[in-house]
Amino acid sequence: MRLHLCTVGRLRAGPERALVSDYLDRLGKTGRALSLGPVFEHEVEDKRGGGMAAEGELLSRAVPAGAVLCVLDERGKVMSSPDFAAQLAKWRDGGRQDAAFVIGGADGIDPALRARADLAISFGAMVWPHMLVRVMLAEQLYRAATILSGSPYHRV
Ligand SMILES: C[S@@+](CC[C@H](N)C(=O)[O-])C[C@H]1O[C@@H](n2cnc3c(N)ncnc32)[C@H](O)[C@@H]1O
């Protein structure tokens, strides 16, 4: 199952870029034997100041047809890492070819896009900057792959 990170804004060279790249590299290696990956990053930018609706349209276009749509939203479902790993495996074993993870911009995710989501995941009730959410998502995807592969990275 291919994994897509659909995000607003370019993550330029710096600590967040380094962390995202590191976790996605590791995910690529661990996920190969699990049919998780490759991972694609789709960064969208609305240069016309169209706000959340315009970003929502660009993000929608970045989501492949037929993909599982998972949005990141502080009002979403709080999951344990093993439950997240199990959910990924369920989608993969159910024959889904693509899973897209959408992180909104400064104003959040357009309600029309959010309404179409198969799942909304929360990293807690606090609001995080979208660049940090990208790092956290990349780490949780890598962690999920290690859980599914039985590697000792995840400990409870
Ligand atoms: C700065 S936040 C936008 C907050 C905005 N006020 C809203 O209502 O969504 C940017 C994006 O980061 C993600 N995000 C921020 N905090 C999050 C959390 N606790 N859990 C999951 N995603 C979060 C969401 O995708 C959000 O659209």
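Reducing the range 6-67 and the range 127-156 to their Cα centroids gives an inter-centroid distance of 15 Å.
Protection proxy ranking of 98-104, 30-36, 75-81, by the mean of other Cβ atoms within 10 Å over each peptide's residues and highest first, is 98-104, 30-36, 75-81.
Under a Gaussian network description of the chain, with springs only between Cα atoms under 10 Å, the residue in Leu137, Leu24, Leu11 that fluctuates furthest is Leu11. Residues whose amide H falls under 5 Å from that of Asp73, counting only those 5 or more places apart or on a different chain, are Ile121, Ser122, Phe123, with hydrogens built in the peptide plane.
Take Ala106, project a point 7 Å from its Cα along the Cβ direction, then tell me which residues of the range 1-27 have their backbone nitrogen under 17 Å from it. The answer is 8-12, whose backbone nitrogens lie closer than 17 Å to the label point. In the range 2-149, Cα pairs under 8 Å separated by at least six residues give a relative contact order of 37 percent. If you run the Gaussian network model on the chain, springs between alpha carbon atoms under 10 Å, then out of Asp22, Asp93, Asp73 the most flexible one is Asp93. Say R0 is 25 Å: what FRET efficiency, to the nearest 0.05, do Asp22 and Ser80 get from their beta-carbon distance? Calculated value: 0.60. Ellipticity at 222 nm from helices only: DSSP H runs of n ≥ 4 in the chain, each -39500 (n - 2.57), divided by the residue count, give -14000 deg cm²/dmol.
None of the figures in this text is laboratory data; all of them are computed from the coordinates on show. What you see is a predicted model, and the numbers here were worked out from it, not measured in a lab. Using ideal geometry, Cβ is built from the backbone for each residue, glycine included, and neighbour counts are taken over all protein chains shown.
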